[in-house]
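Report on the structure given below.
The values are calculated or read from the model by the stated rules, or taken from the named source; none is laboratory data. Nothing here was measured: the structure is a model prediction, and the numbers come from that model. Methodologically, a virtual Cβ is constructed for each residue, glycine included, from the backbone with ideal geometry; neighbour enumeration extends over all protein chains shown. Surface areas here come from the heavy atoms of the whole protein model, side chains and all, with no ligands, DNA or RNA. Shrake-Rupley method; radii C 1.70, N 1.55, O 1.52, S 1.80 Å.
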Amino acid sequence: MKGDAARSLRALTAGISRAALACSVLAAAFYAAGNRNGLSDAALGLALDLAAVAAAAGPVFTREYLAPPGTAFLIDLSASMGLPDGEGGETRTARAAAIVEEELASLDDGAPAAVFSASAGLELVAGPTTDRRQLARAAAGLAASDAGFREAAVSRDLKAWIAARSEAWRVVLLSDGGPDLGGRLLFDAAGGALTVRTVGTGPGPLCVGALAMTPTAATFTLHNHVDRPVTGTLRLSRDGLELATVRVEASPRSSSASIPLSNGFATGGYLLELLSAEDGWDWARDDEGSGIALPGSTARTAVNRAAVRRILVVGVPDAFLRASLERDGFELRGGPAFPDGAREGQWDLAVSVGVPAPAGFPADILSFGEPPADAPFSPGPEREGTPAGLDERQALSRYVDWSGYGSIKTGTFSLPPGSPAVALAAIRGAPVAAAWEDASGWRRVALAANPAGTAFTLSPSWPVLLRNIDDWFLLSRGASAGGTDLGWNLSAGDPAGRRVGPGFAAEGLELERAGPRAMVTAPSAGFFPWTDGTLSGLAAANPPASETAFAPKALALPSGDALVLAARLGSKRSDWTLACSLAFLAFLAAEWLAWRGPLARTRRGGRGRPA
């Protein structure tokens with residue numbers, strides 16, 4: 001768009017300049033003949049003409065140059081990089097910054113560089129620039145986050161950034177082995193020009209994780225990274241109130257432990273802290289010289305009052321389907337037809353058997369026989385045969401053997417090109433099961449053949465399919481046995497789906513809503529309060545479990561050190577149209593001053609305008 005604007009401005013200027021050129025030529029000739037200083041006036045007129053011609057031509061100069069390859073430093077800021085296992089308690093992040101400073105000193109003069117942080121995503125911290133001090137300061141100011149290293153997101157953003165640059169770029173990753181997919185995506189994003197500098201020395205301290213609450217005990221996992229038993233002191237609290245302090249022996253590698261709850265448990269945020277351990281680590285490392293600050297030394301979980309899922313059943317459902325819905329946290333209401341005037345949030349799920357749901361019904365819908373009235377497909381021909389799954393990787397078809405129906409005769413669906421519906425199973429190419437999400441975010445699953453009375457309801461795949469549907473609708477998120485949601489736990493930096501009401505709000509969490517669901521992301525570890533209509537509670541976020549595997553891991557990738565990047569031929573355009581146009585206007589003003597303004601009257605001795 002900038003180029004279009006520049007061309008339009010140049011065309012407008014050219015038109016004005018050509019018109020002015022003709023006028024100025026006539027004026028210069030007239031005044032050269034009729035004034036005492038005709039020669040100087042003609043010179044001014046000639047300058048005006050030249051400026052007009054230059055502006056009309058729109059001069060653009062292009063300068064070619066060799067752009068040296070740049071270096072992008074990616075510093076891993078995943079949680080494990082906060083471990084102080086360097087000399088003098090230096091963290092892995094600080095060691096990575098020191099390596100960046102050393103690498104910067106070895107770069108060729110004039111070679112650009114940039115510093116990025118990489119964890120849940122990629123963020124440009126400084127550059128591109130040739131200012132080595134600025135880049136070193138930026139790297140030294142970084143600190144580890146509570147998130148993991150999401151390689152897919154980091155690689156996607158890195159590839160887009162490199163593609164937008166005119167120079168060739170090599171990438172230097174400074175990490176303890178954090179990329180969750182092994183580094184191959186990063187290698188491809190860098191075009192093979194990837195060098196990995198592994199930081200970290202030790203296996204790490206004792207750490208805790210996977211805190212969970214039961215009515216009688218708090219259970220958790222201990223990760224011991226040395227080859228001997230280690231005893232640690234732990235404290236359990238709820239909403240800041242200490243419940244118990246215990247000493248627990250952790251065997252090598254991973255083990256489970258528990259803390260009995262003599263008085264049961266209540267809703268709130270539960271925090272388990274590892275206060276000390278006999279593993280040789282300094283457990284007092286915060287700014288005040290007390291407390292704990294080692295990665296993996298805390299674990300959190302939240303216990304909330306559960307939501308009640310309201311299920312509308314229209315028609316006569318299969319007995320197993322009804323039994324699967326009649327459980328704690330689910331409230332069933334039935335009827336022969338869909339009610340009029342349903343409101344958003346009134347129903348969490350509608351199950352219809354042989355009764356088409358009205359268009360736009362504000363709930364997720366599972367239908368058997370007749371699909372919803374606004375289904376993005378039309379009825380297909382009747383087919384006879386055994387259904388076959390189309391893609392086992394699809395979440396709803398995972399571990400489902402559709403052939404359990406046996407040979408049946410049923411109607412089918414005709415999905416037009418571009419339909420948002422995805423076919424799950426088909427009989428000789430004609431879909432008999434489909435799933436989609438409408439424009440308002442409501443999800444639909446439609447089965448053309450009612451499984452009631454078929455062998456499918458007696459096969460192992462029927463409860464698996466119902467479980468897959470439950471997971472896709474997120475029905476059980478926030479609704480658990482006993483009326484209590486025993487854990488709303490998030491991994492910091494990782495989006496997680498959650499079923500929410502229309503009034504859901506959460507303080508400090510990042511939300512991306514779609515109908516009755518939201519993708520929820522915690523930016524850091526901690527507790528986050530939320531409200532949802534009459535319900536309220538906490539979400540607990542912890543670093544990903546993989547971040548407690550502290551031992552540095554060398555990524556199994558080809559080294560990019562041997563890949564020599566050549567300088568690229570770059571070009572720089574200089575558009576002089578605006579400068580020539582301004583010169584034309586300046587000479588035009590000078591002509592006016594010389595011929596009609598105060599200078600003209602002075603030269604004529606105050607005699608006024610010549611006849």
TODO: Could you check how much of the accessible area of the stretch 147-276 is carbon and sulfur, as a whole percent, using a 1.4 Å probe?
DONE: 51
TODO: Taking 7 Å along the Cα-to-C-beta vector as the label spot, tell me the ALA554-ASP374 distance in nanometres, rounded to one decimal.
DONE: 5.9
- [ ] Compute the length gained on full extension between ARG253 and ARG228: take 0.36 nm times their separation in residues and subtract their Cα-Cα distance, giving the result in nm to one decimal.
- [x] 8.1 nm
Task: 20 Å tail of the calculated P(r), the stretch 352-486, as % of Cα pairs - done: 44
Task: Å² of accessible area per residue within the stretch 69-220, as computed with a 1.4 Å probe and no ligands counted - done: 37
- [ ] Run a plain Debye calculation on the stretch 195-284 (Cα atoms as equal point scatterers, no solvent) and give log10 I(q)/I(0) at q = 0.15, 0.21, 0.25 Å⁻¹, rounded to two decimals, same order as the q list.
- [x] -0.60, -1.00, -1.27
Open item on the list: Using 0.36 nm times the number of residues separating GLU326 and LYS409, minus their current alpha carbon distance, what extension gain do you get?
Closed with: 26.8 nm
Open item on the list: Let me make sure I get this right: for the stretch 67-160, a, b and c are the square roots of the gyration tensor eigenvalues over alpha carbons, sorted descending. Under 1.5 in a/c it's rounded, otherwise prolate if a/b > b/c, else oblate. Which is it?
Closed with: oblate
Open item on the list: In Å and on Cα atoms, what radius of gyration and Dmax does the stretch 370-432 show?
Closed with: 11.7, 31
Open item on the list: For the stretch 60-177, give me the percentage of DSSP beta bridges that are antiparallel, rounded to the nearest 5 percent.
Closed with: 30
Task: Farthest toward positive dipole pole in the stretch 219-276 [+1 Lys/Arg, -1 Asp/Glu at C-beta], among GLY240, TYR270, THR219 - done: THR219
Open item on the list: Give me the 1.4 Å probe accessible area per residue for the stretch 352-467, excluding ligands and nucleic acids, in Å².
Closed with: 44
